Amino acid sequence: MQKKTIKIPKWLRYKKGVNEKSPVWFLDLRGTGFSPDSPEWQEKVNRRIESALKDIDLPRWKEPVLIKCHIGENKCRTRMLPEFCISTVNHLRSSGIKKIVTGDTTVAYSGDRGYHDNGKDCTRYLSLAERHGWTERGPLNTPFVILDRPQTSVKGTFTFSHEAVKLNPGDSCRFREVYLSGGFAAAGAIVNHVHLTLHDMAQVACAVKGLTMGGSSYKGKLIMHKCYAPVIDAKKCKMCGSCATNCPESALAWRKGEVPNLERDRCIGCGECLAICHGKSISMEATEVEDWLKGGDSLPYRMSDYIMGMAEDRWDKILNIVHLYNITRRCDCVDRVQKPITPHIGFVIGRNPFAVDLMSTYLLHEEFYKQVRNGSIKGKKSVRKSEILKIFFAEYHGVEPYMYIQKKYGITVEPEPIRITI
Ligand code: SF4
Ligand code: SF4
């Protein structure tokens, strides 16, 4: 039987001396006084993004087009704003595309976007999307769908009939099975809008995370996460019980005055407890790892492998737009108010999700390095620029997951920046 291999288009294939870099457009808003909430700035930025979109060599896309977004949790004030997707909608409409939706999937943990917390009518999720401006009544004037809930399909515009679509990527992918959300699989093309944040397990949460975690079904998310489980440092634990109360699977047994106890069989490795822990006493460790990349910090590699399984013929149908403003220490899935940890940076746009992520990572390195040099982050002067995120992560991977992808799958990962100004 013929072996199934992953198809990689020419423009994405790494070739020494020919295709060592991928073009990435960087709208540089550093030091401009950019304010994300200002309508004047929103208009200016949209105009600039729309003209950049015309320069990108996009193939002709089929309808319907999905604007993959992240609506952010209730208390998240630093989330991605739909106002900055107006340029995408305008560009699509001017290219003759009428069927456009915004959409995101349910999440493995609990809350308004929770997989288990949304019944048949998905009221909690849909009303949060409405409050955060992602539905027809928002600035984009496009319907919103939950990509793993077929009942939220929009007849005549965007319909899908399954919660999950299983793919078998073949022998060259680490994952033998991947599970896309039905809506992600049904899209003719995807504009992957992502808000860059740091993330306890993904480290730099960007375009690859938006496509993999954000585009896969519940089962797909568990496959990426499932080797993780929390380990609680009893000496640091304040015995507050927040982790147990917020665990979506009730996997932490807790009694007042005691350190929670993990019931491993119930744990799905989602990391909600880690994000919520006020005592900073939880770390995630890999307990059921496959034959590669052992360690609780291997998620960036796992997601990269997963996207290779998800992409199939989708590489030509994806555009990534990263929003680099209101960058916080944890992602927009954390239901609390967070303060930005860098000044606003701008927007990064490109077809190659790895190059887009690497460009965004370089920009982050620069920002934090500046903070170290000017003394706003103290005591780290000896840290190298490329390792600056070690301030936040004990095992920071830097460019290693990208190099891994380049080597294993022959994909170009290095960005060729095209800087644009306002
Ligand atoms: S114990 Fe932690 S990682 Fe496991 S399911 Fe509960 S919240 Fe998620
Ligand atoms: S949230 Fe953290 S500090 Fe509180 S009980 Fe859980 S592990 Fe302990």
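Given the Cα atoms of the chain, and with Rh set as the inverse mean 1/r over their pairs in the Kirkwood sense, what is Rg to Rh to two decimals?
With Rh from the inverse mean 1/r over Cα pairs, Rg/Rh is 0.94.
Would you mind telling me which residue in V231, V208, V107 has the biggest mean-square fluctuation in a Gaussian network model of the chain, where springs connect alpha carbons within a distance under 10 angstrom?
V231
Amide H to amide H under 5 Å from H195: which residues, 5+ apart in sequence or cross-chain, H placed 1.01 Å off N in plane?
Residues meeting the amide H criterion: H323.
Where in region 19-96 are there GluC sites (Glu not before Pro) that are in a DSSP coil and have at most 12 other Cβ atoms within 10 angstrom of their Cβ?
Nothing satisfies the criteria.
Between D357, D233, D305, which gets the highest mean-square fluctuation from a Gaussian network model of the chain, Cα cutoff 10 Å?
Taking springs between Cα atoms under 10 Å, the residue moving most is D233.
Among the lysines, select those whose C-alpha is under 20 Å from the C-alpha of K155, and discard any that sit fewer than 8 residues away in the same chain.
Straight-line reach from K155, under 20 Å: K62, K68, K98, K99, K120.
Which percent of Cα pairs goes in each bin when the distances of region 228-286 are cut into 10 angstrom slices starting at zero?
28, 63, 10
Could you list which residues have their amide H under 5 Å from that of S22, counting only those 5 or more apart in sequence or on another chain, with H placed in the peptide plane?
E414, E416
Under the rule of at least 5 residues apart or a separate chain, name every residue whose amide H is placed under 5 Å from the amide H of R13.
The list, which skips near neighbours in sequence, is T412.
Every read-out reported here was derived from the displayed coordinates using simple, explicitly stated rules and does not represent laboratory data. These numbers were taken from a predicted model, which means no experiment stands behind them. A quick note on method: Cβ atoms are made from the backbone with ideal geometry, for glycine too, and the neighbour counts reach across all protein chains shown.
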